[in-house]
Amino acid sequence: MSDKKVTRIGVLTSGGDAPGMNAAIRAVVRTGLYNNLEMFGVMRGYSGMIENDIQPMESRSVANIIQRGGTVLKTARCKDFFEPEGRQKAYDNLKSRGINGLVVIGGDGSFKGALKFSKEFDIPCIGLPGTIDKDIAGSDFTIGFDTAVNTAIEAIDKIRDTADAHDRLFIIEVMGRDAGYIALHSGLATGAEHIIIPERKTDIEDVISSLQEKERRKKLVNMIVVAEGGETGGAEGIKNIIKQRLPATDTRICILGHIQRGGSPSCIDRLNASRMGYHAVESLLVGRHNVMVGIVNNRMHYTPLEKAVKAKQRISDEWIKMVRILAS
Ligand code: ADP
Ligand code: F6P
């Protein structure tokens, strides 16, 4: 806890955008204004801090955005923030406006930046987990995951219709360079026969023999949901192996890509983003500094940024087992 009074807060979105970021921005700005604080929007993540692209925010600045995907503050990946000179520039710009508190909405990379910044300078930072990947420990939810996974299941359900009509094998690639949550949740929710994620070594022989066994019992419609990252090389990689090993199998791939990042946020994402945004400002006001605000068991949960950047959300073996049993 710190007793330094926060009076002017900057808010930014950084890294990959996620549906619900706007709801979080709105909650941060309006909670700050309610508490008579001055609020500022930093454009394009840490780039706006370095380039002094910072705007005062009023209540009307965040009107009509709760339902919109993307982020009105725009987002970016900013190389200069990795360098001490870049962070110094960012600090000087915040300082010149009297900004003495920062809310960073982003993924673990953005939190790494916030942690460094908060250690080097006297500006406390609060992180809000904003990523469709859900790969952040210390929160049952990340802003954007629920919407992304619902977008994925809507698409996968449609693909199953056409797979069924043609008796085809479909390999569907979802997002997740290092994280398999979208694959796991969307695969389980759509009854996928196999799910391939970066966190687990894929036994491709097991996938092949299972497909052969299904062919023997004339179960020709099969769905494999694969995360984009990992050793197997996404949908293309799996397709190539299947083509070699089971040349007679009628196989198609579908890469869902960035449609998973866009669109109007789900109710869950809007609510969680609003709760997290509200508690980000409350945290700054009560001196609970340099933490990530999360939700665990439906209660607010605060993880020191130091810990949040190290811990990864783990995938339980039971989930993997369940996928197998339910899709047999
Ligand atoms: P995400 O927040 O979605 O994980 P990135 O990993 O791309 O996205 O990180 C977003 C931005 O956060 C980076 O472009 C950079 O500006 C900042 N950042 C990430 N890691 C660090 C770090 N180790 N030191 C300083 N800044 C960092
Ligand atoms: O962080 C979310 C994420 O969607 C990852 O799953 C994905 O690999 C990455 O962002 C792609 O980001 P971009 O296309 O913006 O480089």
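The values are calculated or read from the model by the stated rules, or taken from the named source; none is laboratory data. The structure displayed is predicted, hence computed values, not measured ones. With ideal geometry, Cβ positions are generated from the backbone for all residues, glycine too; neighbour counts draw on all protein chains shown. For the accessible areas, the whole protein counts, side chains as well, though only heavy atoms, and no ligand, DNA or RNA atoms are used. Shrake-Rupley method; radii C 1.70, N 1.55, O 1.52, S 1.80 Å.
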So Arg77 fits all but one of (1) within 16 Å of ligand 1 (Cβ to nearest atom); (2) farther than 11 Å from Ser14 by Cβ; (3) charged (D, E, K, R); what number is the exception?
-> (2)
Could you say which residue among Leu73, Leu115 is hydrophobic (A, V, I, L, M, F, W, C), crowded, with 17+ Cβ neighbours inside 10 Å and in contact with a strand residue (DSSP E or B) (Cβ under 7 Å, 6 or more places away or on another chain)?
-> Leu73
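Quick grid of which residues meet (1) hydrophobic (A, V, I, L, M, F, W, C); (2) under 20 Å from Leu305 (Cβ atoms); (3) under 24 Å from the mean Cα position of the chain (by Cα):
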| residue | (1), (2), (3) |
| --- | --- |
| Leu12 | yes, yes, yes |
| Gly20 | no, no, yes |
| Ile25 | yes, yes, yes |
| Glu38 | no, no, no |
| Gln55 | no, no, no |
Could you please tell me which pairs satisfy a Cβ distance under 8 Å, a separation of 6+ or placement on different chains, a first residue in the range 247-273 that is open to solvent by less than 20 Å² (accessible area, probe 1.4 Å), and a second residue that is among the polar types (S, T, N, Q) and part of a loop (DSSP other than H, G, I, E, B)?
-> Pro265/Gln67
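Table: residues versus (1) without any contact (Cβ under 8 Å) to a residue 40 or more places away in the chain; (2) more than 25 Å from Met300 (Cα to Cα).
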position: Ile99; (1), (2): no, yes
position: Phe121; (1), (2): yes, yes
position: Asp135; (1), (2): no, no
position: Ile143; (1), (2): no, no
position: Asp146; (1), (2): no, no
position: Lys158; (1), (2): yes, yes
Which numbered condition Asp135 fails, given (1) open to solvent by less than 30 Å² (accessible area, probe 1.4 Å); (2) acidic (Asp, Glu); (3) more than 15 Å from ligand 2 (Cβ to nearest atom) = (3)
Are any residues in the range 21-39 crowded, with 24+ Cβ neighbours inside 10 Å and either over 17 Å from Met276 (Cβ atoms) or hydrophobic (A, V, I, L, M, F, W, C) (or both), and if so, which ones?
-> Met21, Ala23, Ala24, Ile25, Ala27, Val28, Val29, Met39
Restrict the check to the range 212-221 and report whether at least one residue is crowded, with 18+ Cβ neighbours inside 10 Å and touching a residue at least 24 places away in the same chain (Cβ under 8 Å).
-> no
Of the residues in the range 23-50 that are within 16 Å of ligand 1 (Cβ to nearest atom) and in contact with a helix residue (DSSP H, G or I) (Cβ under 8 Å, 6 or more places away or on another chain), the one that is nearest to Leu128 (Cα to Cα) is Ala24
Return the residue satisfying two criteria in turn: it lies in the range 181-195 and is open to solvent by less than 20 Å² (accessible area, probe 1.4 Å) and either without any contact (Cβ under 8 Å) to a residue 60 or more places away in the chain or within 16 Å of ligand 1 (Cβ to nearest atom) (or both), and of such residues it is farthest from the chain's Cα centre (by Cα).
-> Thr190
Would it be correct to say that Ser14 is within 12 Å of ligand 1 (Cβ to nearest atom), touching a residue at least 60 places away in the same chain (Cβ under 8 Å), open to solvent by less than 40 Å² (accessible area, probe 1.4 Å) and among the small types (Gly, Ala, Ser)?
-> yes
Within the range 4-52, the residues that are of a type in the set (S, T, N, Q) and touching a strand residue (DSSP E or B) at 6+ places or on another chain (Cβ under 6 Å) are Thr13, Ser14
From the list Ala273, Ala248, which one is modelled with pLDDT of 95 or more and either more than 16 Å from ligand 1 (Cβ to nearest atom) or in contact with a helix residue (DSSP H, G or I) (Cβ under 7 Å, 6 or more places away or on another chain) (or both)?
-> Ala273
Look at the range 119-132 and say how many of its residues are open to solvent by less than 20 Å² (accessible area, probe 1.4 Å) and either closer than 12 Å to Asn290 by Cα or among the acidic types (Asp, Glu) (or both).
-> 6
Can you tell me how many residues in the range 105-137 are under 17 Å from Asp178 (Cβ atoms) and not aliphatic (A, V, I, L, M)?
-> 13
